[in-house]
Amino acid sequence: MWLPLWPLASDDLLQGIYRTSRHNALELRYIETNPQSMSNLLVVDIDHPDALMRAMWNRKAWQPNAVVENPANGHAHAVWALAEPVTRTEYARRKPLAYAAAVTEGLRRSVDGDKGYSGLITKNPTHEQWEASWLTDHLYNLDELTEHLTVSDFMPPDSWQRTKRKNPVGLGRNCTLFETVRWDVYRVARTIRKRNEHPTPEDRHDLEAAIVNLCQGMNSTFSEALPASEIRATIRSFYKWITTRYTGWLDSRTTSQSKSAAYHRNTGRKGGLKGGVVSGQVRRQKALERVSMLEAGKL
């Protein structure tokens, strides 16, 4: 297992979860699935009495690494381990994150898993209350799992990633946070940069404050909010990207205004050319129709 040094853990989820030492956490029934800010375990919650069979059925080449089962009802968590972890808080790595979310959805579909499972907490496979089946020590990559899921017709289409879900869970929350907030972050950054020729300490302070408000506001809309540590890391990632990579922030105000004016001139010119071509085509079509009507004696 890949565990944080101080993972979230609990013996009773109804009583809440809390951080404790790894040593103590391994004595409890439920434990945090992945380290903070990254994922190398993809976990699916299978709320069916035949969960183990579903996890193993017809997938010899891509069985989960482990299935942790509740012997009282047969429900289980199926776990696939990745060779390379996926970061959940780096804006520059949002595409691999979205990819991992889609693969997790495919794995969920393959066993008819719980749509509402967030993946934050999993059954502790070392706890005596659960029965753990260790099936393989192979570490998967996302492309490998995608190939199997595609052949089996479980991989969601590309449109799935673009669909806005009312209640995103798991890695989907991180994806929604990035894809929803980033446009507002760009807009705010451009607005702030109009105030001075070059970025000032006050500009940077206001940018950071705006990013904090945007990220925390979006996180508050999730039915199960992302941990505060992930939000803080995401805020830092957004701020770093804007202040080191985004030309709308790095360019001087004069340069930005010149680029904007040139863009609008070019857009207007293209629109005018397109409009002229279309207008000419319409006129020619009407002229041809008039000639046809004259020849037919209708005019």
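The values are calculated or read from the model by the stated rules, or taken from the named source; none is laboratory data. Just so it is clear, the structure is predicted and the values come from calculations on it, not from any experiment. Cβ coordinates were reconstructed from backbone atoms using ideal geometry, including for glycine residues, and neighbour counts include every protein chain displayed.
For LYS95, which of the numbered conditions (1) modelled with pLDDT under 95; (2) over 13 Å from the mean Cα position of the chain (by Cα); (3) assigned to a helix (DSSP H, G or I) fails to hold?
(2)
Conditions tested, residue by residue: (1) surrounded by 14 or more Cβ atoms within 10 Å (Cβ to Cβ); (2) in a loop (DSSP other than H, G, I, E, B); (3) modelled with pLDDT of 90 or more.
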position: ALA9; (1), (2), (3): yes, no, yes
position: LEU14; (1), (2), (3): no, no, no
position: HIS23; (1), (2), (3): no, no, yes
position: LEU28; (1), (2), (3): yes, yes, yes
position: ARG54; (1), (2), (3): yes, no, yes
position: LEU82; (1), (2), (3): yes, no, yes
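Would you mention how many residues in the range 179-197 are under 15 Å from TYR246 (Cα atoms) and either touching a Ser or Thr at 6+ places or on another chain (Cβ under 6 Å) or basic (Lys, Arg) (or both)?
Total meeting the criteria: 5.
Look through the range 218-266, keep the residues that are exposed (fewer than 12 other Cβ atoms within 10 Å of the Cβ) and of a type in the set (Val, Ile, Thr), and return whichever of them is farthest from GLU208 (Cα to Cα).
THR254
Looking only at the range 98-124, which residues are assigned to a loop (DSSP other than H, G, I, E, B) and acidic (Asp, Glu)?
Of everything in the range 98-124, those that are assigned to a loop (DSSP other than H, G, I, E, B) and acidic (Asp, Glu) turn out to be ASP112, ASP114.
Out of the residues in the range 98-125 that are acidic (Asp, Glu) and either out of contact with any Pro (no Cβ under 6 Å at 6 or more places or on another chain) or on the phi > 0 side of the Ramachandran plot (or both), which is modelled with the lowest pLDDT?
ASP114
Applying the selection to the range 1-44, what residues are among the β-branched types (Val, Ile, Thr) and out of contact with any Phe, Trp or Tyr (no Cβ under 8 Å at 6 or more places or on another chain)?
ILE31, THR33
Residues in the range 185-192: is at least one closer than 15 Å to ARG94 by Cβ and either in a helix (DSSP H, G or I) or touching a residue at least 24 places away in the same chain (Cβ under 8 Å) (or both)?
Scanning the range 185-192, I find at least one residue that is closer than 15 Å to ARG94 by Cβ and either in a helix (DSSP H, G or I) or touching a residue at least 24 places away in the same chain (Cβ under 8 Å) (or both), so the answer is yes.
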